[in-house]
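Visitor: Attaching a single structure in structure tokens format; questions to follow.
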Amino acid sequence: MGYLKVFHPYIERKALLSDLVCEKPSFWVVSSLIPIVGGVALASFTEASFNWVGFGSAMASNLTNQSRNVLSKKLMVKKEESLDNINLFSVITVISFIFLLPSAILMEGIKFSPSYLQSAASEGLNIKQLLMRSLLSGICFHSYQQVSYGILGMVSPVTHSVGNCVKRVVVIVSSVIFFQTPVSLINTVGTALALVGVFLYSGAKRMKSKEEDRGDEEEEVKDYHTTQQNKEISKDSQWVVLLPLGRRKRREVVMGRAFVYVVLGGGVAAGYAALEFVKRGVSSGELCIISDEPFAPYERPALSKGYLLPEAPARLPSFHTCVGAHEERLTPKWYKEHGIELVLGTRVKSADVRRKTLLTATGETISYKFLIIATGARALKLEEFGVNGSDAENVCYLRDLADANRIVDVIHSSTGGNAVIIGGGYIGMECAASLVISKINVTMVFPEAHCMPRLFTPKIAAYYEEYYMAKGVTFIKGTVLSSFDIDFNGKVTAVNLRDGARLPADMVIVGIGIRPNTSLFEGQLTLEKGGIKVNGRMQTSNNSVYAVGDVAAFPVKLFGETRRLEHVDSARKSARHAVSAIMEPEKTGEFDYLPFFYSRVFALSWQFYGDNAGEAVHFGDFSGSKFGAFWVSKGHLVGSFLEGGTKEEYEAIAKATRLKPAIEDAAELERLGVDFALSVCQKSVPAPPQPAAEAVGGLSLVLDRPVYAWQATAGVIVAASVAAFALWYGRKRRRW
């Protein structure tokens, strides 16, 4: 009757989820369970036998086990219960011991040696060895249960049971491989059928996930449109107040609310801070995120890449944080489930760090115990430089989703036309690539001698400029915009340059830099490098206030100076570090960040680590697709750049830059190139100590371990490999 346990998923899905947690089963998910259940039943089938007592006991075991899983999951997702998976498992273990102890005493009596030990002694078995193996078995089973509950905390009960079925298949296959267990044709067919069922179940779950994603997207769009209907324009300061409305009822304006933690800003850093808070056990209702955008935090790099593509463009909710770091996607539903308050479409007009309060444009006061400033930066506008016509409808900037939507609309009306990009930095280069793919003629204008002047050397820049020109992009360097020609519809028709050139334009994209959003805290917090100065714990001059991302100027330990880094990687990691410093201050050290920049356009992909100070030593084939540069300052490596590298090579230049090895011969460094970084990494890793070995029959055997230990180890490796493949496959399908 043991094979009846494969019905766990069906009992969970049909009998328990609907009744206990009111979850309606999807037809395709239910159908996909058939080959899993049938396959595992066939794989574990040995001989035909039946009795009603065994059948009833097996089904009762199924029902009680799956009831435990479903009810446990219900407690895990109810944050007010404050029971995570480990605590819940501990409570259940204690309760089980209390309930089972009387039965054990009744059946066994009170005696020092259990019956199975007495029986073993009578058979002449080694009691010491039996006790050790029993202890090992107990430890392994306890560890298995803890891992099982940990997984249950991350997936649904049905997925948990499907994984349990797959575990049975792995055990069967391992026993065949390592113990030569006899297997019949029906067992083989069952194993194959179960594995096919797992892939079908995975597909069915993805279908259901996409349907939920569409629902989330529709909810966000509805909220966005309703907030647009609620705009109030202040005549004095010309700010816009967005009052977000729910799907079913209006959100009442509350005059004052208090939270333990408040994140001000809804960009990338806010999303990663939220995930870190949840990982570190924040309670429901303690965390609030305030954003002037009507959307939950999302990955901004997508705006200049996938969002602008003409075919299969990226759209929310596919690129909510934190998919950019290959972690879970935080949709509005996720924040609600974890008790995180999202105050969206709301601008904060003043802050008082002494009183620990924020005043929103709606008149609400929000107080906090700890504040994380993640306000980011705003794009510099042409009107700040006195350029007439810079407010034309086809003049675009790119900083948030509203800007990206405007660019998309202008692209649709400009296909086959001309675009002028003002600026030769990140935004200019990445937008140019997207416009070329949309079949728009692109001209880039900037005053510097080459593109990406803050990072690229002239030699590196020349390679990318030639590549872009081969794609049809025109570069005009050493001059700037002076004015626009505007038609009677208020659209730019031409761009006039200071050197007298006139460029026809159906659209203009401006990327001339950013300015950190620090105005709320000027005069209250110490500013430096244009941003808010923080220490190595991301803490400002006020102990209860932290700053992260583009707005934060923090000490870079590697170079012994304070810097403000404008990149998504810095935003992600500084946000996580700030949360760690707040939640676990005694365990959190100084933020030891290695400056990192990267870009992926067309078929190109480069990464840069460290600092581009000192002498640049180029290496590789600049006529091909793989080359790079090292920067040497005061005799040490301080920066590395690589185009077209492998994962191992990128990791090597990062590690070599952090180690700052001494450079004695620049010519040798140029000759070795990326091999130098690889050799530095190999030298920095000490050789692992070799285990004691003894020669037996001409072979070297590590220690004298029993054979079954190696077989068990191999079985664990097989199971871990299957799990790793499943995780990789799932994330690959969800990657944006």
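The values are calculated or read from the model by the stated rules, or taken from the named source; none is laboratory data. Note that this is a predicted model, so its numbers are computed, not measured. A quick note on method: Cβ atoms are made from the backbone with ideal geometry, for glycine too, and the neighbour counts reach across all protein chains shown.
Visitor: I'd like to verify a number: residues in the stretch 521-543 that are hydroxyl-bearing (Ser, Thr, Tyr) and either in contact (Cβ under 8 Å) with a residue 24 or more places away in the chain or surrounded by 15 or more Cβ atoms within 10 Å (Cβ to Cβ) (or both), how many?
Guide: Pass one, the stretch 521-543, residues hydroxyl-bearing (Ser, Thr, Tyr): 526, 540-541.
Filter again for either in contact (Cβ under 8 Å) with a residue 24 or more places away in the chain or surrounded by 15 or more Cβ atoms within 10 Å (Cβ to Cβ) (or both), leaving 540-541.
Here the count works out to 2.
Visitor: Okay, moving on. I need every pair where a residue in the stretch 479-491 that is within 20 Å of Ile512 (Cβ to Cβ) has its Cβ under 8 Å from the Cβ of a residue that is among the acidic types (Asp, Glu), sequence separation at least 6 or different chains.
Guide: Filtered contacts from the stretch 479-491: Thr479/Asp499.
Visitor: Does the stretch 620-640 hold any residues that are farther than 22 Å from Gly560 by Cβ and not aliphatic (A, V, I, L, M), and which are they?
Guide: Gly620, Asp621, Phe622, Ser623, Gly624, Ser625, Lys626, Phe627, Gly628
Visitor: Right, another one. Can you find, within the stretch 388-420, the residue that is surrounded by the fewest Cβ atoms within 10 Å (Cβ to Cβ) among those that are in a loop (DSSP other than H, G, I, E, B), acidic (Asp, Glu) and touching a residue at least 60 places away in the same chain (Cβ under 8 Å)?
Guide: Selected residue: Glu393.
Visitor: Then there is this: Could you list all residues from the stretch 279-289 that are buried (at least 20 other Cβ atoms within 10 Å of the Cβ) and either touching a residue at least 60 places away in the same chain (Cβ under 8 Å) or more than 20 Å from His320 (Cβ to Cβ) (or both)?
Guide: Listed by number, the residues that qualify are Val282, Cys288.
Visitor: Separate question: Run down Thr346, Thr362 and say which single residue is outside the structural domain of Phe484 (by TED's automatic domain parsing), in a loop (DSSP other than H, G, I, E, B), in contact with a Pro (Cβ under 9 Å, 6 or more places away or on another chain) and not hydrophobic (A, V, I, L, M, F, W, C).
Guide: Details: Thr362 fails: in contact with a Pro (Cβ under 9 Å, 6 or more places away or on another chain).
Step by step, each of Thr346, Thr362 is checked, and only Thr346 is outside the structural domain of Phe484 (by TED's automatic domain parsing), in a loop (DSSP other than H, G, I, E, B), in contact with a Pro (Cβ under 9 Å, 6 or more places away or on another chain) and not hydrophobic (A, V, I, L, M, F, W, C).
Visitor: Let me ask something else. Determine if the stretch 550-558 includes at least one residue that is at pLDDT below 95, closer than 23 Å to Ser580 by Cα and touching a strand residue (DSSP E or B) at 6+ places or on another chain (Cβ under 8 Å).
Guide: Taking the stretch 550-558 as the starting set, the residues that turn out to be at pLDDT below 95 are 557-558.
Subsequent filtering for residues that are closer than 23 Å to Ser580 by Cα retains 557-558.
Within this subset, residues satisfying the condition of being touching a strand residue (DSSP E or B) at 6+ places or on another chain (Cβ under 8 Å) are 558.
So far as the stretch 550-558 goes, yes, one or more of its residues are at pLDDT below 95, closer than 23 Å to Ser580 by Cα and touching a strand residue (DSSP E or B) at 6+ places or on another chain (Cβ under 8 Å).
Visitor: With Gly423, Gly478, Gly472 as the choices, which residue is under 26 Å from Ala269 (Cα atoms) and at pLDDT 95 or above?
Guide: Gly423
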